[in-house]
Amino acid sequence: MDEARVLERLVRRYSPSGREGGAVREFVRVARELGYGSRVDAVGNGVARRGHGRPRVLFLGHIDTVEGRLPVVRRRGRMHGRGTVDAKGPLAAALLAGRELTGPGEYTVVAAVGEESDSRGARYLLGRRRPDAVIAGEPSGWDGVTIGYKGELQIEVRFRGRRTHFSSPVPTAADRALTWVADLRTFVAQKSGDSPFRSLTSKVVDIETVRKGDAESARVVVDFRLPPGLSTTVLMRSLPRPFDASPPKVRIRVEPIEVDRSNPVVASLVEGVRAAGGRPTLWRKAGTSDLNLVAPAWRVPGAAYGPGEARLDHTDRESVSLAELARSVAVLRVALERLRAARPILPRSAGGA
């Protein structure tokens, strides 16, 4: 089965967060055809494994996508369709890269559920699996390796009041909400670093006003992206307080991460890129991934890797070059062999699947 066919089979199963079942079952079928032992775990993740012993290398991809069906077509050397970039392309590359592995060591590919929503698939793994090394399946380009992701804090605040005449000097709930948003913008501007990755940023993602009788309310949802070195706890404590509003409700909370650029996973991927004729680029991104959750919890070396242009994910232009997919398979194959040969330098971990 070639690269294009593996990817096409995964992409044809539409799988927005919460509706991944059909795609997970297809992942399990494809993995078995490629020689893996595969199954669906208790939370719905697809798990494909081959080999045994140490080192235990985990490729943590995700099978869910954002909403929005797209036609799945091959055209001019590209595969188009929802998930080709984020992140079924990386999953396909991971399965193909490991199908011929031999010798000692265990290689596991996980098609996690819920990464685009609550990361329930990755969270389920935290207490049940501890590998020696982890690669998160996210688009980095075949010759790139992602070593950092910003954190995310999303909060919801409600302002309530009584309706007054518009000529009254008493501010409306909407007025108070907008004043607080302006205070936030001033606060965030003071947290600027020497690059976008090193800077705190914020965006109002939703605002709603409601009136019932003479009662009025305004609801504001703000999303913050945090640089490494700033925890969500510290940010929550230092935010301008909306004293006349309900306490902020936390909707999303993910800590930032930046891995050591010399760790064994990064080094193996960089070597794979060079072996394939590329010049490696190390990326630090403003988004988040499941790497933010698992690498610190497991205390193992990690990085993110996969084919595709990140600027296309979540868009209606989502597509991946089939030549790039093939190069990514070659890069991962070299990286996996190097990690298997690096057993003495991988930290000793405990636990299993």
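So the values come out like this:
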read-out: Strands (runs of 3 or more DSSP E) lying entirely in the stretch 97-170 (those with 2 or more residues that are of a type in the set (Asp, Glu)); value: 151-162
read-out: Matching residues in the stretch 209-242 - criterion: being over 25 Å from residue 160 (Cβ atoms), small (Gly, Ala, Ser) and exposed (fewer than 14 other Cβ atoms within 10 Å of the Cβ); value: 229
read-out: Given (1) in contact with a Ser or Thr (Cβ under 8 Å, 6 or more places away or on another chain); (2) closer than 20 Å to residue 65 by Cβ, index of the condition residue 325 fails; value: (1)
read-out: Residue in the stretch 321-333 that is touching a Lys or Arg at 6+ places or on another chain (Cβ under 8 Å) and either farther than 15 Å from residue 86 by Cβ or crowded, with 18+ Cβ neighbours inside 10 Å (or both) present; value: yes
read-out: Check on residue 220, more than 15 Å from residue 180 (Cα to Cα) and either β-branched (Val, Ile, Thr) or within 21 Å of the chain's Cα centre (by Cα) (or both); value: no
read-out: Criterion (under 26 Å from residue 172 (Cβ atoms) and among the hydroxyl-bearing types (Ser, Thr, Tyr)) met by exactly one of 246, 268, 262; value: 246
read-out: Which listed residue, of 178, 153, is closer than 19 Å to residue 245 by Cα, in contact with a Ser or Thr (Cβ under 7 Å, 6 or more places away or on another chain) and either modelled with pLDDT of 95 or more or surrounded by fewer than 18 Cβ atoms within 10 Å (Cβ to Cβ) (or both); value: 153
read-out: Filter result (basic (Lys, Arg) and in a loop (DSSP other than H, G, I, E, B)) within the stretch 212-257; value: 241
read-out: Selection within the stretch 23-78 - part of a strand (DSSP E or B) and of a type in the set (Lys, Arg); value: 39, 49, 50, 56, 74, 75, 78
read-out: Test result for residue 327, at pLDDT 95 or above, of a type outside the set (Asp, Glu) and part of a helix (DSSP H, G or I); value: yes
read-out: Test: residue in the stretch 243-256 that is of a type in the set (Gly, Ala, Ser) and surrounded by fewer than 15 Cβ atoms within 10 Å (Cβ to Cβ); value: yes
read-out: Hits in the stretch 69-113 - residues which are buried (at least 18 other Cβ atoms within 10 Å of the Cβ) and of a type in the set (S, T, N, Q); value: 84, 108
read-out: Hits in the stretch 284-311 (condition: out of contact with any Pro (no Cβ under 8 Å at 6 or more places or on another chain), surrounded by fewer than 22 Cβ atoms within 10 Å (Cβ to Cβ) and more than 19 Å from residue 230 (Cα to Cα)); value: 311
read-out: Meets criteria (touching a Phe, Trp or Tyr at 6+ places or on another chain (Cβ under 8 Å) and among the basic types (Lys, Arg)) for residue 49; value: yes
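Rundown of residues vs (1) free of Cβ contacts under 8 Å to residues at least 60 places away in the same chain; (2) under 21 Å from residue 88 (Cα atoms); (3) out of contact with any strand residue (DSSP E or B) (no Cβ under 7 Å at 6 or more places or on another chain), yes/no style:
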{"site": "246", "(1), (2), (3)": "no, no, no"}
{"site": "253", "(1), (2), (3)": "no, no, no"}
{"site": "274", "(1), (2), (3)": "yes, no, yes"}
{"site": "277", "(1), (2), (3)": "yes, no, yes"}
{"site": "285", "(1), (2), (3)": "no, yes, no"}
{"site": "296", "(1), (2), (3)": "yes, no, no"}
{"site": "299", "(1), (2), (3)": "yes, no, yes"}
{"site": "302", "(1), (2), (3)": "no, yes, no"}
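Okay, residues lined up against (1) touching a residue at least 12 places away in the same chain (Cβ under 8 Å); (2) small (Gly, Ala, Ser); (3) within 20 Å of residue 250 (Cα to Cα); (4) crowded, with 18+ Cβ neighbours inside 10 Å:
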{"position": "166", "(1), (2), (3), (4)": "no, no, no, no"}
{"position": "169", "(1), (2), (3), (4)": "no, no, no, no"}
{"position": "185", "(1), (2), (3), (4)": "yes, no, yes, no"}
{"position": "197", "(1), (2), (3), (4)": "yes, no, no, yes"}
{"position": "202", "(1), (2), (3), (4)": "yes, yes, yes, yes"}
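The values are calculated or read from the model by the stated rules, or taken from the named source; none is laboratory data. What you are looking at is a predicted structure, and each value in this text was computed from that prediction instead of being measured. With ideal geometry, Cβ positions are generated from the backbone for all residues, glycine too; neighbour counts draw on all protein chains shown.
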